[in-house]
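As structure tokens, the structure follows; a few thoughts come after it.
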Amino acid sequence: MSTTSLYGLYSPDPSDLVSEAPEQFAQMCQSIETALHEIDQRATPEGTAPVIAQTYEALAGMTGVIGQTGYVTADATESLNGPYVWSGSVWTRVWTRADADTDMSPVDCVPSNLASYGTCTVVKKQGWVHMALNWKSSASASWGSGDIGTVPEGYRPPWRVEFSPVVSNEVNNKMVYITTDGKIGYSNRGGAQDSTGFSGNFSWPLA
């Protein structure tokens, strides 16, 4: 007997004996009935409504229909909270992009030799990176430029991004940029410049 790849339905193959036909047909019928029952169960309120539990231990003591979702809402271990799917034997955790790409602990992007010029940190939330910058210019030439630091891997933009920061006066015109390899820098945009500070909060999506 052979089985189908999706539902595991039985079907005869050339090696089967005629004498075994009654048993084989019975297996075929049973496999079809099992598959139909599984599909029917998915269409019922019990099969489509999520299974809700306050703790993972409580959810683990329940069962569902294959593919049915479950949720842990208030487990003391924070990482156990969230969505699950019933595999047929266990509840399997579903990791969403929001889970994987969230870290609200600020990461410092400034090397020690530039720390006297200001601060620059990044966090990530649900697939977006948010940068907080507060910097004092070290370049006063009209088209001068300077370095700020490096965005760590896992926070870098998928393409070069550029922002206009908040400046201290009308002549302190700057452009801040972040490259795909994480470099953070700025450049003056012509005219009279000085070495006063500039700041900003910038965001970009992760790849």
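When you look at residue 132, is it within 22 Å of residue 102 (Cβ to Cβ) and either assigned to a strand (DSSP E or B) or not polar (S, T, N, Q) (or both), yes or no? Yes: the conditions hold for residue 132.
For every residue, the table says whether it meets (1) outside the structural domain of residue 128 (by TED's automatic domain parsing); (2) modelled with pLDDT of 90 or more; (3) part of a loop (DSSP other than H, G, I, E, B); (4) more than 30 Å from residue 124 (Cα to Cα).
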position	(1), (2), (3), (4)
15	yes, no, yes, yes
27	yes, no, no, yes
31	yes, no, no, yes
85	yes, yes, no, no
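Taking the conditions (1) of a type outside the set (Asp, Glu); (2) part of a loop (DSSP other than H, G, I, E, B); (3) within 21 Å of the chain's Cα centre (by Cα); (4) farther than 30 Å from residue 52 by Cα in turn, residue 123 satisfies each one other than (2). Checking each residue in region 110-134 for being among the hydrophobic types (A, V, I, L, M, F, W, C), touching a Leu at 6+ places or on another chain (Cβ under 9 Å) and over 30 Å from residue 72 (Cα atoms) picks out only 120.
Would you say residue 75 is in a loop (DSSP other than H, G, I, E, B), surrounded by 14 or more Cβ atoms within 10 Å (Cβ to Cβ) and in contact with a helix residue (DSSP H, G or I) (Cβ under 8 Å, 6 or more places away or on another chain)? So residue 75 passes the test. Among the residues of region 119-167, those that are in contact with a strand residue (DSSP E or B) (Cβ under 6 Å, 6 or more places away or on another chain), aliphatic (A, V, I, L, M) and within 22 Å of residue 195 (Cβ to Cβ) comprise 131, 132, 133, 139, 148, 166, 167. For region 3-13, the candidate set comprises residues that are surrounded by 11 or more Cβ atoms within 10 Å (Cβ to Cβ) and under 23 Å from residue 87 (Cα atoms); within that set, the residue that is modelled with the lowest pLDDT is 7. Taken over region 162-176, the criterion of being surrounded by fewer than 16 Cβ atoms within 10 Å (Cβ to Cβ) and modelled with pLDDT of 85 or more is satisfied by 162, 164, 166, 175. So which residues in region 135-145 are in a strand (DSSP E or B) and either under 27 Å from the mean Cα position of the chain (by Cα) or surrounded by fewer than 19 Cβ atoms within 10 Å (Cβ to Cβ) (or both), if there are any at all? Scanning region 135-145 gives 136, 145. Scanning region 86-105 for residues that are surrounded by fewer than 13 Cβ atoms within 10 Å (Cβ to Cβ) and either in contact (Cβ under 8 Å) with a residue 24 or more places away in the chain or under 30 Å from residue 171 (Cβ atoms) (or both) yields 90, 97, 98. Of the residues that sit in region 69-80 and are farther than 11 Å from residue 52 by Cα and touching a residue at least 12 places away in the same chain (Cβ under 8 Å), which one is nearest to the chain's Cα centre (by Cα)? Going through the qualifying residues, I end up with 80. Only one of the numbered conditions (1) among the aromatic types (Phe, Trp, Tyr); (2) crowded, with 17+ Cβ neighbours inside 10 Å; (3) out of contact with any Gly (no Cβ under 9 Å at 6 or more places or on another chain) is not met by residue 159, and that is (2).
The values are calculated or read from the model by the stated rules, or taken from the named source; none is laboratory data. Quantities reported herein were computed from a predicted structural model and do not represent experimental measurements. Here Cβ is always computed from backbone atoms with ideal geometry, including for glycine, and neighbour counts include all displayed protein chains.
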